[in-house]
Amino acid sequence: MILHLKEGINQHKIQELADQLQAVHYTSKDGYEVMITPSKLKEVPSFAVEFVNESFAASSDIQLASRDYRNEVREININGTKIGGKNRNSMVIGGPCSVESWEQISESAQLMKSLGITTLRAGCFKPRTSPYSFQGLGLEGLKLLDRARQEYGLNIITEVRDASHVDDVIAYADIIQVGAKAMYDHGILRKCGKARKPVLVKRGFGTTLQEFVQATEFILSGGNEDVILCERGIRTFETKTRFTLDLCGVAFLKEYTNLPIILDPSHAMGYRYGVPDLARACVAMDVDGLLIEVHPNPEVAMSDAAQQLNHQEFTDLHKSLSAVAGAIGRTLI
Ligand code: PEP
Ligand code: MN
């Protein structure tokens, strides 16, 4: 159960209530205390009634992210770029899998700028399957992204791979990306809960929708109200494509959660030939954005070479995505 407490209750009493209710709590952006009890509680106990302003019962431990709590998509404002809420924006997040050099990332930034895209993505700490593959430029990569942000006026999104650099990523990024493999790392999730920047959480490729959304509850219940879901494909028996993009799952997330949704056709497909058609299908799902990998020269990309579009392919795709977005009353940003 979620309880909004009345104003003016002292810290000692708040802690006492939290202990009695076995609740997690945080102070909302608007200044009131939010207390979240285990979901099996369905009514405010009599000892707490006098302290509670509003209460919401959720049907499972999807609580803060649920429609039972907020029956509209949360608005997320990234330095003036808005998704969710009443906005009908679909945010295109474009860029290479990894930051490789200033030349490469500045070319990517120029492409985004020329298409009116607000958000540049690239990884600096790559969660590679093999320790012998390129692991990313680390802090040097973050500094290159920071330079791209300043020179081109773009928002930057980059991923956290493990706890060793979570503070650096939080400091440099405008949106923090928690990757599919890091989605279960509670140290990262809790740190993101204390950050005051939006967090995009990718669905682990072996997680259920329930587990996926519960992972975001660690961030939300830490007091960070700005969380975005990202479906990027799950593992099925199929091996011809890299993963299987779960669009049925997306319909579930739209119906039952209040978090904006970004879809990632690049990692789901794994091969560039499928990305444009899938991307159009993603926009048609009426979601808040897309994440697409694009590289100045995909053939020599240091990670995910097979799935990255080149600049011409991305430019052509962007044009057709605008048309699909227009047909459902959305605007690409
Ligand atoms: C990525 O975004 O480059 C990435 C590694 O994605 P995922 O975490 O979805 O595998
Ligand atoms: Mn990638």
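What follows draws every value from the coordinates through simple rules; no lab data is involved. All values reported here derive from a predicted model rather than from experimental measurement. Reconstructed Cβ throughout: ideal geometry from the backbone, glycine too, with neighbour counts over all protein chains shown.
Just to be sure I understand: of the beta bridges DSSP finds with both ends in the chain, what percent are antiparallel, rounded to 5? Given both bridge residues lie in the chain, the antiparallel proportion sits at roughly 35 percent. In a reduced charge model with +1 at each Lys and Arg Cβ and -1 at each Asp and Glu Cβ, region 2-56 shows a dipole moment near 140 debye about its Cα centre. Cα-based radius of gyration for the chain, normalised by 2.2 N^0.38 Å, reads 1.01. Relative to the longest principal axis of the Cα atoms of the chain, the long axis of helix 11-21 lies at roughly 90 degrees. DSSP loop (so not H, G, I, E, B), at most 13 other Cβ within 10 Å: list which chymotrypsin sites (Phe, Trp or Tyr not before Pro) in region 110-194 pass both filters. The qualifying sites are Y132. Entry note, the chain: the mean residue ellipticity at 222 nm calculated from DSSP H runs of n ≥ 4, each adding -39500 (n - 2.57), is -10000 deg cm²/dmol after division by the residues and rounding to the nearest 500.
Residue pairs exceeding 25 angstrom between C-alpha atoms, taken from K6/K197; K86/K197; K13/K42; K13/K254; K6/K254: K6/K197; K13/K254; K6/K254. Highest mean packing first, where packing is the average number of other Cβ atoms within 10 Å per residue, the peptides 154-161, 235-242 line up as 154-161, 235-242. For the chain, a crude dipole built from +1 on the beta carbon of Lys and Arg and -1 on the beta carbon of Asp and Glu, taken about the Cα centre, is about 280 debye to the nearest 20. In summary, the aspartates and glutamates within cross-link reach of K126, defined as a Cα separation below 17 angstrom excluding same-chain residues under 8 places away, comprise E100, E140, E159, D162, D167, D168, D185, D264, E293, D304. To the nearest ten degrees, helix 139-152 and the longest principal axis of the Cα atoms of the chain are 80 degrees apart.
Residue exposure proxy: R203, R147, R196, ordered by other Cβ atoms within 10 angstrom of their Cβ from fewest to most, comes out as R196, R147, R203. For the chain, the longest principal axis of the alpha carbon atoms and the long axis of helix 275-284 meet at an angle near 40°. Note on region 4-124: Rg/Rh from Cα positions, Kirkwood definition for Rh, rounded to two decimals, is 1.18.
As a size descriptor, the averaged projected area of the C-alpha convex hull of region 222-333 was calculated at 8.5 nm². Any idea which of M1, V44, Q11 is furthest toward the positive side of the dipole for region 1-76, if Lys and Arg beta-carbons carry +1 and Asp and Glu beta-carbons -1? Looking along the dipole axis, the top candidate is M1.
Taking the charge dipole of the chain about its Cα centre, with +1 at Lys and Arg Cβ atoms and -1 at Asp and Glu Cβ atoms, the residue from G179, L145, A279 reaching farthest to the positive side is A279. Convex hull volume per residue, computed on the Cα atoms of region 126-185, equals 84 Å³. As a proxy for reagent exposure, ranking S59, S98, S39, S221 by other Cβ atoms within 10 Å from fewest up yields S59, S39, S221, S98.
A simple count of charges around E7, restricted to other residues whose Cβ falls under 14 Å of its Cβ and scoring Lys, Arg +1 and Asp, Glu -1, yields -2. In summary, the lysines within cross-link reach of K191, defined as a Cα separation below 18 angstrom excluding same-chain residues under 8 places away, comprise K29, K181, K202.
The value for region 2-56 of Rg(Cα) / (2.2 N^0.38 Å) is 1.00.
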